[in-house]
Amino acid sequence: MTQEKGDGKEFISHAPGYWPEISQELWNDWKWQLKNRVTSLAQLEQHVELSDEERSGVLLSGDKLALAVTPHFFNLLPDDNPDDPIRRQVIPRIEETWASPYDMADPCGEDSHMPVPGLVHRYPDRVLFLVTDRCASYCRYCTRSRVVSGAGEQELHINFEEAFRYLEEHTEVRDVLLSGGDALIFSDERLDKLLSRLRSIPHIEFVRIGTRVPIFLPQRITPELCAMLAKHHPLWMSVHVNHPRELTTEVKQALERLANAGIPLGNQSVLLAGVNDDLETMKTLVHKLLMCRVRPYYIYQCDLINGSAHLRTSVAKGIEIIEGLRGHTTGYAVPQFVIDAPGGGGKVPINPGYILYHDNEKIVIRNYEGKIFEYPETGNEQVQFAPQREYHDEYLYS
Ligand SMILES: *Cc1c(COP(=O)(O)O)cnc(C)c1O
Ligand code: SF4
């Protein structure tokens, strides 16, 4: 049986899909969705025809990152096409067990920037707070696969009390980003307590949650959850959508509930080979995001995480996509392309070259059509240009 999954341009619902016998009430219950995740080879083979690469991947990757896909998200997978962009994100492949010379266990150097277990303090005024190691489903390219899902060797030890004490003492921290794992896996009560505790720290101005739950498990975005979150404003949210087909009717409605609760929404995509590494797919994605009231925020060059070489693209591909968006479509639809610098340098913006020349007299620029323009440097003070560090190998990671 071939299932028509569409080209992703429309918002469609795939329910009940592979679960025709389930009542709507159970289907809409997020705890049922979590309990009934597809986690084993037998369950997978009950629904879809696996390729040899996928079957070996499932058998051999289990000690690195667990397999889990919610029924809602599983319904996006066709049963007969292993090259499908949704399938590539969540079904393991044998290539995951291959080592590439660039692969790392902790590509963004997070472990060396943790003053307290669970808190990554890399930038001057903000911290990343890893509050859980569990997610609704697992992404095969996860940059935190060393700790996420509980399957790998390394465990995420979170010391909440120590983390709160650190945040209280560090008055320079004005922005806390909750991630993991996925904080929206917590119960409303637990999340409410966590947010209240953070809100009791006066110098924390801004709290955001990085989550893929609205995409993997839109049923979790209940009116009660939204009402609870709205008590903790200003609260922002970054969701994670890579392919336009992930934006189903249910996901759109979940995002609307969050937006209606006053939560500004951004999206982070990872550039992935065979998933979203072409301009047309990305353009459809960013346009659909705006229709869901989500502002495209970042496109990440895929981190050099162990076993992800088959999902990585060239950096040039990301630049080409930005070049094809900027000026050609709504400015709000254009995310910032970044590389999270290997070893712990943080996010570095990567842009097409729009500056052709710049000195104290003029700047020469080109627009999205390639037309060239000049703008005079008429400021009275002489500008000190940001030092263009010459490239030397010894600067690497310094
Ligand atoms: C991404 C990230 C942040 C947030 O960065 P923004 O550019 O402000 O979104 C903060 N801390 C760490 C460690 C991060 O990786
Ligand atoms: S949802 Fe985020 S943290 Fe969880 S597996 Fe996917 S990328 Fe990793």
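The values are calculated or read from the model by the stated rules, or taken from the named source; none is laboratory data. Everything quoted here is computed from the prediction, not taken from an experiment. FYI the Cβ positions are ideal-geometry reconstructions off the backbone, even for glycines, and counts take in every protein chain you see. Accessible surface areas use protein heavy atoms only, side chains included; no ligands, DNA or RNA. Shrake-Rupley method; radii C 1.70, N 1.55, O 1.52, S 1.80 Å.
Ser196 contributes an accessible area of around 50 Å² to the protein surface, as traced by a 1.4 Å probe with all chains present. Pairs spanning more than 27 Å between alpha-carbon atoms, out of Lys31/Lys283; Lys347/Lys371; Lys64/Lys252; Lys5/Lys288: Lys31/Lys283; Lys347/Lys371; Lys64/Lys252. Shown are Lys288, Lys9, whose ranking by accessible area with a 1.4 Å probe and every protein chain present, most to least, is Lys9, Lys288.
In the chain, a dipole from Cβ-located charges (positive for Lys and Arg, negative for Asp and Glu) runs towards its positive end, and of Ile204, Leu247, Cys226 it is Cys226 whose Cα lies farthest in that direction. A cut-off of 5 Å between modelled amide H atoms, ignoring neighbours fewer than 5 places along the same chain, links Leu178 with Phe129, Arg208, Ile209, Gly210.
When nucleic acids and ligands are ignored and a 1.4 Å probe is applied, Cys226 ends up with an accessible area of around 10 Å². Decide, for the stretch 34-92, between rounded, prolate and oblate: order the square roots of the alpha carbon gyration tensor eigenvalues as a ≥ b ≥ c, take rounded if a/c falls under 1.5, and otherwise choose prolate if a/b is larger than b/c, else oblate. It comes out rounded by the Cα gyration axes. Using only Cα atoms, tell me the angle between helix 279-291 and the longest principal axis of the chain; keep it within 0 to 90° and round to the nearest 10. Approximately 80 degrees, to the nearest ten.
Of the residues Tyr138, Tyr102, Tyr166, ranked by 1.4 Å probe accessible area with the largest first, the sequence reads Tyr102, Tyr166, Tyr138.
Within the listed set Val286, Val294, Val48, the Gaussian network model of the chain (springs between alpha-carbon atoms below 10 Å) gives the highest mean-square fluctuation for Val48. Taking the DSSP bridge list for the chain and keeping only pairs wholly inside it, about 40 percent are antiparallel. The long axis of helix 249-260 is offset from the longest Cα principal axis of the chain by roughly 50 degrees. Grab the other residues whose beta carbon is less than 12 angstrom from that of Gly344, score K and R as +1, D and E as -1, and report the net. Net of charged neighbours comes to -3. Partners of Lys317 within straight-line reach, counting aspartates and glutamates whose Cα lies under 13 Å from its Cα and excluding those fewer than 8 residues away in the same chain: Asp277, Asp278, Glu280.
Please work out the C-alpha center-to-center distance from the stretch 288-318 to the stretch 49-71 and express it in whole Å. Going from one Cα centre to the other spans 22 Å. Based on the reciprocal of the average 1/r between different C-alpha atoms, the Kirkwood radius for the stretch 1-81 equals 13.9 Å. Computed from label points 7 Å out along Cα-Cβ, the spacing between Lys35 and Ala227 is 2.4 nm. Answer rounded, prolate or oblate for the stretch 81-174, using the Cα gyration tensor with square roots of eigenvalues a ≥ b ≥ c: rounded when a/c is under 1.5, else prolate when a/b is larger than b/c, else oblate. Here the stretch 81-174 falls in the prolate category. Taking all protein chains in place and a 1.4 Å probe, what share, in percent, of the accessible surface of the chain do carbon and sulfur account for? Result for the chain: 52 percent of the exposed heavy-atom area is carbon or sulfur. Geometric descriptor of the stretch 111-349, per residue, is 121 Å³ (volume of the convex hull of the Cα atoms).
Near Lys362, the amide H atoms lying under 5 Å from its own belong to Glu377; only residues 5 or more places off or on other chains count, and H is placed 1.01 Å from N.
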